[in-house]
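Okay, structure first, notes after.
Derivation of every value follows stated rules applied to the coordinates shown; laboratory data play no part. This one's a predicted model, so the numbers in the text were calculated from it and none came from an experiment. Cβ coordinates were reconstructed from backbone atoms using ideal geometry, including for glycine residues, and neighbour counts include every protein chain displayed.
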Amino acid sequence: MPKEIIENKVYIIRGQRVMLDKDLAWLYQVETRVLNQAVKRNYERFPEDFMFQLTQEEWENLRSQFVTLKKEENLISQFVISNKGGDRKLPYAFTEHGVAMLSSVLRSKRAIAINIQIVRIFNKLRNMAIEHKDLRDELEEFKQTFIKYAKENNIELEEIYKQLDYLKDVTKPATIGFTR
């Protein structure tokens, strides 16, 4: 399975990276109801920090963000299709730990292989977030050092900020290059 397909099925809900039951079912090539039945039969393995059901508001917000899926997924707009008269329950969201637990209740070779890929992607996303945090921290440290240096050397920060704002303003003509 191409990792990009799996990465596109990871959402941030309630501040956590999660995957929806229907996306996982599609990846495992089982019906969503089959996946949810397996979870219900093993409900003690899925505490709230492993799996939770979306609220109606969360579901509506998520559905409004997406219009259609890629054609290679062979589905038409899973987020826009009605809930078959309202009988579809709100989807379940599985955290990384919940996805890992699914391999113990869905014992197919495909489920195990897909779970390995998913866990690797969750790890990759976590590492990227850590790297970005480190970069933000370094930039903030640089900014504080620069402010201290400017104050110590009587440099006007306001003028520097004004020039930077001027450069960021796309409505002003560019002054870079040669003019006649």
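Structure notes:
- Nearest-0.05 FRET efficiency for GLN65 and LYS3, computed from C-beta distance (R0 30 Å): 0.90
- Per-peptide packing, taken as the mean over residues of other Cβ atoms within 10 Å, places 146-156, 108-118 in the sequence 108-118, 146-156 from highest down.
- Full-stretch length increase - ARG41, GLN144 - with 0.36 nm per residue and alpha-carbon distance subtracted: 31.6 nm
- Taking the centroid of alpha carbons for each part, segment 139-156 and segment 18-56 are 51 Å apart.
- Paramagnetic reach from GLU48 (point 7 Å along Cα→Cβ, amide N under 20 Å) across segment 1-21: 12-21
- Expressed as a whole percent, the proportion of Cα-Cα pairs in segment 1-72 lying more than 16 Å apart is 57%.
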